[in-house]
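Q: Have a look at this one.
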């Protein structure tokens with residue numbers, strides 16, 4: 001299943017581990033976040049380490065620490081880690097996909113957050129279907 005390098009500019013159609021890529025969620029300095037779906041239909045947020053960093057042992061160790069830390073955190077509103085492959089040619093971490101607004105959308109709707117969080121609940125935020 002893994003390793004297909006087909007698909008659109010957004011990565012759709014490609015496989016990362018057991019997840020078929022549906023869309024790009026975002027990009028950062030370490031990697032790219034994808035929306036993926038497994039064979040059982042579960043959505044996942046799949047973070048992939050950038051190709052140029054995958055050969056850097058220090059960055060892979062940092063990515064491994066991120067995976068270990070994410071797996072250790074549990075609680076309401078925390079996306080559980082579903083799996084990872086940190087030893088393959090394309091290191092990735094998958095967590096449950098929690099649909100919601102971007103930080104920019106949340107701040108625009110609720111104002112700047114303080115330590116207590118947003119001024120109003122984001123639980124009923126309208127989420128577009130994918």
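Q: So between residue 79 and residue 58, what do we pick up on full extension, going 0.36 nm a residue minus the alpha carbon distance? Mind showing how you got there, number by number?
A: On the way: separation 21, 0.36 × 21 = 7.56 nm, distance 2.57 nm.
The residue 79-residue 58 span can extend by a further 5.0 nm.
Q: Please work out whether segment 15-98 counts as rounded, prolate or oblate from its C-alpha gyration tensor, where a ≥ b ≥ c are the square roots of the eigenvalues and a/c under 1.5 means rounded, while otherwise a/b larger than b/c means prolate and anything else oblate?
A: Values: a/c = 1.76, a/b = 1.24, b/c = 1.42.
It comes out oblate by the Cα gyration axes.
Taken together, the values in this text are just the output of simple stated rules run on the coordinates, not laboratory data. Because the structure is a prediction, the values reported are computed rather than measured.
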